[in-house]
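Quick note: the coordinates plus some simple rules give every number you see, no bench work behind them. Because the structure is a prediction, the values reported are computed rather than measured. Cβ placement follows ideal geometry from the backbone for every residue including glycine, while neighbour counts extend to all protein chains displayed.
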Amino acid sequence: MEKEKKPTLELSSFPPKKTKNKNSNSEAVESFFYLWRATKDPKWRQHGWNTFSALERHAKVAGGGYSGVRDVTVVPATLDDAQPSWLLAETFKYLFLLFSEDSVLDLDEFVLNTEAHPLRVFGEKKKKKREEEVSTEEEELRGRRRRHMPQQQQQESKNSSSSSSSSSRRHLKP
C-alpha cells in the first residue's frame, strides 16, 4: 500500500496556482509580517518582497495606483480597473511594517485589528511598564540638571535635600 502524499503549498507562489482571481494578498502579507516578527527568518521578508514585486510588475497602473488582476495565471495580466481600498489600508501597511524596524510598531503596546488598524493595549502590564519608563526619564532629567549646575549649586542642592530629609525625620519622632 502506497503512502498518501500530502499536498504542499510553496509560499513563494502566492496566490496558490489554482486561484485565478486574487486581487492582492493582504492576508498572506499579514502572515509574512507576523511570522517575520516571531522568527526573524529572512524568508518572510523575501516572500513579502516577491509579493510587492509582483504587484509592481502586474498590477501597477501607468496613471497611478494599482488595479485588481482578473486572472493571475495569465501574463500579461488583465486588470479589472478597480483599486481595492484594502490594498493600501492592509497590504501596503503590512509590507511597510514587514520591512520596518520593530520599534515602528511595538506589538507589546499595540494590536492590529482585522483591518490592520493599530489599537493601543491597556492593562496593568502596560501601566507598570509606563511607570518604569517615567521613573527612568525622571532620573535622566535629574542627572542632566546636575551636569549643567555649577559646583557650588550642586553642593547646596545636596545639603538642602539632606537637611530637609533629616528635618522631616525629626518631625516624625514621637
Task: Over segment 12-120: Kirkwood hydrodynamic radius from C-alpha pairwise inverse distances, Å - done: 14.5 Å
Task: Under 16 Å from the Cα of K40 - aspartates and glutamates, other chains or at least 8 residues apart - done: E30, E101, D102, D106
Open item on the list: Given points 7 Å out from each Cα along the Cα-Cβ axis, report the E133 to V75 separation in nanometres with one decimal.
Closed with: 4.6 nm
TODO: Using a 10 Å cut-off on Cβ atoms, rank the peptides 112-119, 29-36 from the highest mean neighbour count down.
DONE: 29-36, 112-119
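Take the Cβ-Cβ distance between E101 and K43 as r, set R0 to 22 Å, and report the resulting FRET efficiency rounded to the nearest 0.05.
Values: r = 19 Å, r/R0 = 0.86.
Efficiency at R0 = 22 Å is approximately 0.70.
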Task: FRET efficiency, 1/(1 + (r/R0)^6) with R0 41 Å, evaluated for R144 and Y34 via beta carbons - done: 0.55
